[in-house]
Amino acid sequence: MRVKQDEEQILQNLVQFYIYEFTVFQDIKLEVNGSFAPFDLKPYWAEADLHAFFIMYDGELAGFAMVESGDPNVILEFFIMRKFYRRGIGKIAAIKLFDQFPGKWSITQVEKNEPARNFWRKVIGDYTGGNYIEKYDEYKRSIQEFDSLLIVKN
């Protein structure tokens, strides 16, 4: 479900959980007010190639995804709340994004985020039938690349 501009604060609230979980992999400090610095979401309401989505499960907010459409499409941020892990929600959401934005994709994970790397390898591997490339950049981030237009669906 696409995030509307008047739902920005809801997304910012979810972003706090996302950043909190990400502190395991990166040194992110709290602001003096006890929260993490909010994301700058203004571009998502102004730029046609930026898209924010709520991920829902049984009528409840389960997470969010942020995508930059283009060549390639990029998952900028992707978050599923821990209580919804292992239910296939992330995989379903990712596949919907791949289908919604057909073409080339590039998905990156930070070096220390092995759970994310495993998730994306599994989802992309299943989606593409293993027809993807994985490489590493100069920061040792994993990057999976594939073209959804080359996927043969049964």
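The values are calculated or read from the model by the stated rules, or taken from the named source; none is laboratory data. In this text the structure is predicted, and so the values were computed from the model without any measurement. Please note: Cβ atoms are built from the backbone with ideal geometry, for glycine as well, and neighbour counts cover all protein chains shown.
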Q: Report yes if some residue within segment 38-60 is loosely packed, with under 15 Cβ neighbours inside 10 Å, in contact with a Leu (Cβ under 7 Å, 6 or more places away or on another chain) and either over 21 Å from Phe22 (Cβ atoms) or at pLDDT 95 or above (or both); otherwise report no.
A: yes
Q: Just give me the residues in segment 102-154 being among the aliphatic types (A, V, I, L, M), touching a Phe, Trp or Tyr at 6+ places or on another chain (Cβ under 6 Å) and surrounded by 17 or more Cβ atoms within 10 Å (Cβ to Cβ), in sequence order.
A: Ile107, Ile124
Q: Considering every residue within segment 116-134, establish whether at least one is polar (S, T, N, Q), more than 14 Å from the chain's Cα centre (by Cα) and part of a loop (DSSP other than H, G, I, E, B).
A: yes
Q: Kindly check whether there is at least one residue in segment 47-68 that is out of contact with any helix residue (DSSP H, G or I) (no Cβ under 8 Å at 6 or more places or on another chain), in a helix (DSSP H, G or I) and among the charged types (D, E, K, R).
A: no
Q.
Can you tell me which residue is nearest to the chain's Cα centre (by Cα) among those in segment 20-40 that are of a type in the set (A, V, I, L, M, F, W, C) and closer than 14 Å to Arg82 by Cβ?
A. Phe22
